[in-house]
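Working notes, beginning with the structure itself.
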Amino acid sequence: MTFVYQWWSNSDLVVYIKPEDLEKMRQENSIWLGNHRYEVDWLLGWVVTQRLGLAGGSKIVGKQSLRLLPIIGWCWYFTEAIFLRRVWSSDKAVLERDLKRLVDDYPKDYNFTVRFPFHIK
């Protein structure tokens, strides 16, 4: 999918980061917050994680309806994406349960990059 994005847009993404900072990112869990403004900007976050070598542990948090999208929604479902209804009274428990599962069920040296695309008006 990241290949299609880069090919279709005829662009290349260059990430500038100090080698020591990249090494820290590969050894620690992280949460990325992104201001989701366009239909495909979530994909740019995916490209960044791929370029940094963090795509294997990348998890996305998205709207519940996204899991119904053919192919991509199903892929996210099977790669343990976290789907929210955007109703805090129920989403709080979903976040707690799913983040706890990621931390508890994977080896201690496995690192996650959890991406939260959101929109600020």
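A short reminder: the numbers here are calculations on the coordinates, not readings from a lab. Please read all numbers here as calculations on a predicted model, not as lab measurements. Cβ placement follows ideal geometry from the backbone for every residue including glycine, while neighbour counts extend to all protein chains displayed.
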Filtering the stretch 51-65 down to residues that are buried (at least 18 other Cβ atoms within 10 Å of the Cβ) and more than 8 Å from the chain's Cα centre (by Cα) yields 54, 62
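In this structure, is residue 45 at negative phi, surrounded by 15 or more Cβ atoms within 10 Å (Cβ to Cβ), in contact with a Lys or Arg (Cβ under 6 Å, 6 or more places away or on another chain) and touching a residue at least 40 places away in the same chain (Cβ under 8 Å)? So that I can check it myself, show each step before the final result.
Values: at negative phi: yes; surrounded by 15 or more Cβ atoms within 10 Å (Cβ to Cβ): yes; in contact with a Lys or Arg (Cβ under 6 Å, 6 or more places away or on another chain): yes; touching a residue at least 40 places away in the same chain (Cβ under 8 Å): yes.
In short, yes.
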Taking residue 115, is it part of a helix (DSSP H, G or I) and charged (D, E, K, R)?
-> no
Subset of the stretch 9-20 [part of a helix (DSSP H, G or I) and surrounded by 10 or more Cβ atoms within 10 Å (Cβ to Cβ)] | 9
Return only the number of the condition from (1) more than 24 Å from residue 6 (Cβ to Cβ); (2) surrounded by 12 or more Cβ atoms within 10 Å (Cβ to Cβ) that residue 109 does not satisfy.
-> (2)
Farther than 23 Å from residue 4 by Cβ and either of a type in the set (Asp, Glu) or assigned to a loop (DSSP other than H, G, I, E, B) (or both) - does that describe any residue in the stretch 27-46?
-> yes
The stretch 69-96, residues that are surrounded by fewer than 11 Cβ atoms within 10 Å (Cβ to Cβ) and either assigned to a helix (DSSP H, G or I) or among the aliphatic types (A, V, I, L, M) (or both) | 71, 78, 87, 88, 89, 93, 96
Could you check residue 16 against (1) within 13 Å of the chain's Cα centre (by Cα); (2) of a type in the set (Phe, Trp, Tyr); (3) farther than 19 Å from residue 102 by Cβ and say which number it fails?
-> (1)
Per the filter on the stretch 44-99, residues among the small types (Gly, Ala, Ser) and touching a helix residue (DSSP H, G or I) at 6+ places or on another chain (Cβ under 6 Å) are 55, 58, 73
